Structure formats: structure tokens, C-alpha cells
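Asks: The structure follows.
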Amino acid sequence: MGILLGALDIGTQTTSLVAGEVTDGKLAILGRTETPTQGVKKGVIRDIDSVTAGIRRVCEAMSQEHRVDLVNVSTAFSCGDLRSLVRTGRVSLLPGHAINQDDIEAAEENAQSENAPDAPETLLQRFRQKYLVNDQLVVSPTGMAGAELKANVLELIAPRTALGSLQTAIHQAGLRLVDTVFSGLAAAEAVLDRKAQEDGAVVIDFGAGTVDYLAVCNGVIAAVGAIGVGGAHLTNDLALAFQVTQKQAEEMKLARGAAMIQPDLANARHLLRTTFSTNDRSVSVHAIQTVTTERVDETFRLVRDALRDVLPQVHGGIFLTGGTAALPLIAEQASAIFGKPCSLGVPVNVANLPDALAQAPYRHATAVGILNWRCRMLTQETYRPTLLARLRAFLKG
């Protein structure tokens, strides 16, 4: 019997729950449920009770539809106020001493920031970047000798209140939260295979409330971040441009929106149907696509500017995930702006992908990636015990 895992993805528009089972290190998806999200804006919870209610709905649906009852879940987090920084930790070494795992962990620990319990920000995630022995860059310092070991660590910092609200909503729903990962990392865990990581790749998760990005260069995470713009902004742009309701604008976006103007639809029109009026009107598809194209173009350029220093090292291309990745010609638009080949991200690190997820796999990359991440953490906990675990084993003889 395998280990049951749960991935809870609370997005700006949709709350989804995916159940998986790990057997002999292989992840299989058991089922997925979803419900419209209420009480979230730009990835940040504004109404904990509404979010809690949504979590309970997806849990009940999982139990009824797939006969899976989850207690432990992992989740993903993002918001436009995330910020990243690189810290360096140092460890002095004795003459002739061969660097071991304890030295590496100590250097990484020394690089960690110390935040007061009442500080407005808190650590979300840390990523190993590079090591230097006597200021010489090395891939793996294990077994080497020198006077000093340095470890560079990339930290992702989140607003404490926003992260705490997510944790509170999950606990109020009766679930135990075992892990929280950056949404961009979760998407990358799902769609990047080993070759893409070695070649260098960028994952852009274009959600409703935020656009998350993560760049992998030379096998390590070189840059991460989020922009407080998403698919919902395309809807707002359309609503303002054509003086229509949010519902009409969303329907317009889904039916006729595109990331680049489609010349073959230059003369086409989109019919706006109203509930309380017989005077329906139509809007030029060219005009609709002009609005959506400008917003997508601006968003991708913001991401490109944030990744300017690492893009020359990206040879494996750009991978797009998230609901807005369904927009026609979005891969072509991204390729033109980044100057790299671009494709929709498909989960690759999973034994099976049910039909409900396979129809538009890029939409579900974050949830699947949460399961991938938790599966990998379980494997590391099994085969690479922590320093504390090794100390306990030593004391027991």
C-alpha cells in the first residue's frame, strides 16, 4: 500500500484538490476536485471564512467522487509582494579537513536570514545555488579541503499576514498542513524533466491573480519571483474597454481573446448577449484581441526584464502553465518576446494523468507539482536523514 498525498491549490479563481499515491517512489494521481474561489484577490486571502468553505467543498467532493479522505495536505503560495534575495553563509575549516555534509549544512544554515516573530515578512522557501571553496566555484564541495566554505542561498520572502491567512484557512477546514511551496516551484516540479533543468529553462505560471516565474540554470534555481498581474487583469481590461460586466468580459476573453491578433478574424464580431435587454450588440474581435494582446505583451516584458541576467543561460526554452496559458498564440507571443522556444508545460513526473487533467494539463501543473515536490521530500527524508536524525542515531549507538 502506498502513501496518500494531498495537494491543495487555492487560486484567485479556482480552488482545486488533487489526491495522489506514492508507491515505490512512483506517483499516481487518484482524483481531482475543484470549486470556484471566493475571498481571494491577486493570490492573497481577503476572506478566510469563504476560503475555508471552499476547501471543505473540495474535500467533501473528493470523498464522494473518488472515495479518498485526506487529512494531510501540501499547498502552494504566491502573491505580488514576494521578493527574493541571495545570502552567503560561511564556515571556517581546519587544515586538512575534508568537507562533509555537516559542513555544507552549516554553511547553508549560516546563510539563512533571521526574522523576528512579529516581523512583517517571513521566509517562504530557500534554494541552494552555488558553493565556493577558498573563493573557487565548485559544483559539489564534498571531500574537498580548504580554509573556508561558502554557500550561496536564494531566499524567497513572503508577507507574514498573507502566508498566515492561507495556513489558518486550511487548519480551519480541518486539514493538517505539512508543506507550503512557492507556486512557481510547484509548476516547475511538474513540467521540467532532468534534461530541461540541465539545459536551462524558465517556467512561467500565468494564473488568474499572479504570474509566477522560475528560472533553472546549470541545474540550480537561478531566479524566482511573482508579478501581481494575471488573467483576471485581462478580464478587467476588457470590461473597462467595452463597458461590459465582469461576467461578459470573462466570456469575451474565453471565446475570442488571444495573445496575438489573428488576421483571419479581422472582420469577425463577438455578440454580447444581455439578460435584461433585447438590444444585443456586437464587438470587433480585432478590438478584443488588441486589448488582450497588449496586456499579455506587457506582462511578458515585465518577466523578461526580471530575468534579464539569467536568460542568456537558458537553452531549454520557456514553459507556460496556468489557466491563462489556454489563450491562443500565447506560446508564440512568449517566444517572440523572450527570444527562446516556448511551449505549454505538460506534467512529466507522474505515472499517470487522468483524463480530467490530461485535457488541459498546463492548467493543473501547480497541483501536480505540489505532489511531485512532496514525493521528492519523502524520498529525501527516507534516504538522506537530517542532521538531527543522524545525531539521534549516533546517541543511540
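The values are calculated or read from the model by the stated rules, or taken from the named source; none is laboratory data. These figures come from a predicted structure and were not determined experimentally. Here the Cβ is made from the backbone with ideal geometry for all residues, glycine too, and neighbour counts use every protein chain on show. Ligands, DNA and RNA are stripped out before the accessible areas are found, and what is left, the full protein with its side chains, is counted by its heavy atoms. Shrake-Rupley method; radii C 1.70, N 1.55, O 1.52, S 1.80 Å.
Asks: Within the stretch 125-140, can one find any residue that is within 30 Å of Thr75 (Cβ to Cβ), open to solvent by 50 Å² or more (accessible area, probe 1.4 Å) and touching a helix residue (DSSP H, G or I) at 6+ places or on another chain (Cβ under 7 Å)?
Replies: yes
Asks: A further question on this structure: Just to be sure before I move on: is Ala334 more than 19 Å from Thr235 (Cβ to Cβ) and in contact with a Leu (Cβ under 7 Å, 6 or more places away or on another chain) in the structure I sent?
Replies: Working: more than 19 Å from Thr235 (Cβ to Cβ): yes; in contact with a Leu (Cβ under 7 Å, 6 or more places away or on another chain): yes.
So Ala334 passes the test.
Asks: Would you pick out the residues in the stretch 33-72 that are open to solvent by 100 Å² or more (accessible area, probe 1.4 Å) and touching a helix residue (DSSP H, G or I) at 6+ places or on another chain (Cβ under 6 Å)?
Replies: Gln38, Asp69
Asks: Another one. With (1) out of contact with any Phe, Trp or Tyr (no Cβ under 8 Å at 6 or more places or on another chain); (2) surrounded by fewer than 24 Cβ atoms within 10 Å (Cβ to Cβ) as the list, and Gly225 as the residue in question, which single condition is left unmet?
Replies: Against the list (1) out of contact with any Phe, Trp or Tyr (no Cβ under 8 Å at 6 or more places or on another chain); (2) surrounded by fewer than 24 Cβ atoms within 10 Å (Cβ to Cβ), Gly225 comes up short only on (1).
Asks: Which count do you get for residues in the stretch 11-50 that are charged (D, E, K, R) and within 21 Å of Met377 (Cα to Cα)?
Replies: So the count comes out to 3.
So that you can scan it fast, the table gives a plain yes or no per residue for (1) under 30 Å from Gly39 (Cα atoms); (2) of a type in the set (D, E, K, R):
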| site | (1), (2) |
| --- | --- |
| Ser140 | no, no |
| Gly143 | no, no |
| Glu148 | no, yes |
| Val153 | no, no |
| Ser165 | yes, no |
| His171 | yes, no |
| Leu175 | yes, no |
| Asp179 | yes, yes |
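Asks: State the number of residues belonging to the stretch 361-396 that are in contact with a strand residue (DSSP E or B) (Cβ under 9 Å, 6 or more places away or on another chain) and at pLDDT 85 or above.
Replies: 17
Asks: Show the residue pairs meeting these rules: Cβ distance below 6 Å; 6+ apart or different chains; first residue within the stretch 303-328 and more than 17 Å from Leu344 (Cα to Cα); second residue in a helix (DSSP H, G or I) and modelled with pLDDT of 95 or more.
Replies: Taking only residues 6 or more apart or on different chains, the pairs are Arg304/Ile337; Arg304/Phe338.
Asks: Identify all residues within the stretch 167-182 that are open to solvent by less than 10 Å² (accessible area, probe 1.4 Å) and either out of contact with any Gly (no Cβ under 9 Å at 6 or more places or on another chain) or under 18 Å from Asn349 (Cα atoms) (or both); write none if there are none.
Replies: Ile170, Val181, Phe182
Asks: Something else now. For the stretch 1-28, give me each residue that is of a type in the set (Gly, Ala, Ser) and either crowded, with 18+ Cβ neighbours inside 10 Å or part of a loop (DSSP other than H, G, I, E, B) (or both).
Replies: As a first pass, look at the stretch 1-28 and keep what is of a type in the set (Gly, Ala, Ser): 2, 6-7, 11, 16, 19-20, 25, 28.
Answer for the stretch 1-28, where residues must be of a type in the set (Gly, Ala, Ser) and either crowded, with 18+ Cβ neighbours inside 10 Å or part of a loop (DSSP other than H, G, I, E, B) (or both): Gly2, Gly6, Ala7, Gly11, Ser16, Ala19, Gly20, Gly25.
Asks: Leu163 fails exactly one of the following numbered conditions: (1) within 12 Å of Phe77 (Cα to Cα); (2) among the hydrophobic types (A, V, I, L, M, F, W, C); (3) open to solvent by 20 Å² or more (accessible area, probe 1.4 Å). What is the number of that condition?
Replies: Single failed check for Leu163: (3).
Asks: Testing Leu353 on (1) open to solvent by less than 20 Å² (accessible area, probe 1.4 Å); (2) over 17 Å from the mean Cα position of the chain (by Cα), one condition comes back false. Which one is that?
Replies: Of (1) open to solvent by less than 20 Å² (accessible area, probe 1.4 Å); (2) over 17 Å from the mean Cα position of the chain (by Cα), only one is false for Leu353: (1).
Asks: Another question, then. Return yes when Ala241 is free of Cβ contacts under 8 Å to residues at least 60 places away in the same chain, more than 18 Å from Ala208 (Cα to Cα) and open to solvent by 10 Å² or more (accessible area, probe 1.4 Å) and no when it is not.
Replies: yes
Asks: If you don't mind, there's one more thing I want to ask. Within the stretch 298-324, how many residues turn out to be farther than 30 Å from Ala358 by Cβ and assigned to a helix (DSSP H, G or I)?
Replies: Residues meeting the conditions: 9.
Asks: Considering every residue within the stretch 42-52, establish whether at least one is within 30 Å of Glu121 (Cα to Cα), under 17 Å from the mean Cα position of the chain (by Cα) and among the basic types (Lys, Arg).
Replies: Yes, because at least one residue in the stretch 42-52 is within 30 Å of Glu121 (Cα to Cα), under 17 Å from the mean Cα position of the chain (by Cα) and among the basic types (Lys, Arg).
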